[in-house]
Amino acid sequence: MSIPFIDLAAQQKRLGRSIHDAIEKILDHGAYVMGPEVREVEKQLAEFCGAKHALGCSSGTDALILPLMVENVGPGDAVFVPAFTFVATAEAAALVGATPVFVDVLPDTFNMDPESLKDAIAQAKKDGLTPKVLMPVDLFGQPVDWDILLPIAKEENMIVISDAAQSFGSSWNGKMTGSFTDYTATSFFPAKPLGCYGDGGAVFTNDSDKLELLESIRVHGQGGDRYENVRIGINGRLDSIQAAVLIQKLSIFADELTARDRVAKTYSDALAGVADVPFVREEAFSAWAQYTLKTDKNRDEVIAKIKEQDVPVAVYYPIPLSHQKGYTQYPSAPKGIPVCEKLAAQVFSLPMHPYLTDEHQGQVIDAVKKALA
Ligand SMILES: *Cc1c(COP(=O)(O)O)cnc(C)c1O
């Protein structure tokens with residue numbers, strides 16, 4: 001019996017007809033773009049994480065681009081990003097003409113290394129760049145160490161845009177992701193912890209003035225009137241249908257987060273001592289976008305053995321961003337990104353979703369044990 005890496009069908013079954021009904025309502029009222037569902041989901045998303053405002057948008061990538069545009073980030077500005085992440089983090093900075101600066105990560109949490117960040121800031125200044133934005137990533141769902149990173153950003157007068165594409169629903173010291181940085185960007189790509197049925201994203205902020213600018217840029221730099229354009233913007237809207245899907249899924253999201261955490265604990269209890277299991281900081285509650293192991297053995301062989309037992313495996317991410325062909329022109333921290341390079345060769349992720357049965361969890365655990373024996 002093959003196990004799904006992510007089981008969206010089980011989730012759909014649990015929600016019954018509710019998503020169909022919500023979509024049918026939109027077919028009836030016909031407001032496909034910026035319909036009432038968009039405002040409703042924005043309200044619910046903000047409430048869920050305790051942010052003052054949420055702004056729905058077309059993707060997680062646009063959720064990163066919108067705040068960069070609000071803050072006029074551009075040529076000569078350094079945006080500090082980890083080198084071990086999905087490409088969109090650095091892509092957003094590059095698209096506005098800024099310089100993404102690649103920072104190394106910590107070997108245990110896979111999140112931004114504060115020492116590497118400090119070195120990268122000093123080097124960027126020497127190179128004539130303005131340290132403008134700190135854009136850390138809560139990789140695989142676990143928040144970064146905000147106790148250390150926020151003071152660094154403050155000292156350097158940097159804007160904080162948190163790439164929480166994988167971590168909506170997580171928290172740091174009891175504070176929900178989205179509620180405490182200048183901007184938090186998340187993604188509703190179907191495979192993320194909270195996903196819609198296509199592309200979608202959201203930006204969170206507590207600043208009402210910034211919300212107004214985000215709203216304007218989301219719709220072509222719109223002014224007071226629909227055909228007045230007061231600044232350069234994008235088409236970055238969230239569709240009504242995606243908003244409606246999210247409203248239904250949000251109603252069970254808290255329960256799903258608990259279920260994900262339970263699966264992760266079961267995996268870790270069974271695999272500790274056998275494999276290098278994920279390290280979650282005491283201050284953190286992870287949204288468990290991925291459950292990722294490390295191995296010093298030949299990874300291809302380990303993965304092949306696990307797959308032989310009908311258990312799917314994925315590698316996030318096989319190449320650090322600074323080594324990607326499109327990104328080699330951008331600088332890295334002065335001491336390089338040795339941890340990212342090592343992790344890129346070591347990591348592999350197991351099936352992770354809230355609907356993994358005990359039987360399937362057992363099958364995954366047995367497959368990993370056998371493969372690593
Ligand atoms: C998925 C992801 C994004 C981009 O989100 P999209 O909705 O696919 O545009 C950005 N950053 C990280 C870390 C991601 O995992």
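Hydrodynamic estimate: the Kirkwood radius of region 168-284 over Cα pairs, inserted into Stokes-Einstein at 20 °C and 1.002 mPa s, corresponds to D of 126 µm²/s. Using a cut-off of 30 Å between Cα atoms, the listed pairs 13/265; 210/265; 210/325; 13/210 include 210/265; 210/325; 13/210 as exceeding that distance. Using helices alone, I'd like the mean residue ellipticity at 222 nm for the chain: each DSSP H run of four-plus residues gives -39500 (n - 2.57), total over residue count, nearest 500. My calculation for the chain gives -12500 deg cm²/dmol from helical runs alone. Note on the chain: with neighbouring protein chains present and a 1.4 Å probe, carbon and sulfur make up 51 percent of its accessible heavy-atom surface. Of all aspartates and glutamates in the structure, the ones whose alpha carbon falls short of 14 Å from that of residue 294, not counting any fewer than 8 places away in one chain, are 108, 276, 341. With θ taken as phi - 60° and the Karplus curve 6.51 cos²θ - 1.76 cosθ + 1.60 applied, the whole-hertz 3J(HN,Hα) list for region 214-231 is 4, 5, 5, 5, 4, 10, 6, x, 4, x, x, 10, 4, 9, 10, 10, 9, 7 Hz, x standing for glycine and proline. Bridging of residue 307 to aspartates and glutamates at a Cα separation below 14 Å is possible for 366, once same-chain residues fewer than 8 apart are set aside. Judged by the ratio a/c of the largest to the smallest principal axis of the C-alpha gyration tensor, region 232-309 counts as prolate, that ratio being 1.5 or greater while a/b is larger than b/c. Across the chain, the relative contact order, built from alpha-carbon pairs under 8 Å that are at least six residues apart, equals 23 percent. For region 294-310, the residues whose amide N sits under 16 Å from a probe point set 7 Å from the Cα of residue 370 along the beta carbon direction are 301-310. Rounded to the nearest 5, the antiparallel percentage of DSSP beta bridges internal to the chain is 60%. Set the Cα radius of gyration of region 40-158 against 2.2 N^0.38 Å, with N its number of residues, and you get 1.08. Eigen-decomposition of the gyration tensor built on the alpha-carbon atoms of region 220-373 gives equivalent ellipsoid semi-axes of 37, 25, 14 angstrom, largest listed first. This model, with +1 at the C-beta of Lys and Arg and -1 at the C-beta of Asp and Glu, gives region 221-261 a dipole about its Cα centre of some 140 debye.
Cross-link partners of residue 192 among aspartates and glutamates, defined as those whose alpha carbon lies under 20 angstrom from its own and excluding same-chain residues fewer than eight positions apart: 7, 42, 47, 62, 91, 138, 163, 239, 255, 256, 261. The residues of the chain expose, per residue, 42 Å² of accessible area to a 1.4 Å probe. Using C-alpha pairs under 8 Å with a sequence gap of at least 6, the mean separation divided by the residue count of region 255-310 gives a relative contact order of 34 percent.
Based on Cα atoms of the chain, Rg over Rh with Rh as the Kirkwood radius reads 0.97.
How big is the gap, in Å, between the Cα center of region 1-69 and the Cα center of region 271-301? First find each Cα centre; the distance between them is then 29 Å. Annotation for region 120-161 versus region 311-373: alpha-carbon center distance of 24 Å.
The values are calculated or read from the model by the stated rules, or taken from the named source; none is laboratory data. In this text, all values refer to a predicted model and were calculated from it rather than measured experimentally. Methodologically, a virtual Cβ is constructed for each residue, glycine included, from the backbone with ideal geometry; neighbour enumeration extends over all protein chains shown. Protein only, heavy atoms only, side chains kept; ligands, DNA and RNA dropped before computing areas. Shrake-Rupley method; radii C 1.70, N 1.55, O 1.52, S 1.80 Å.
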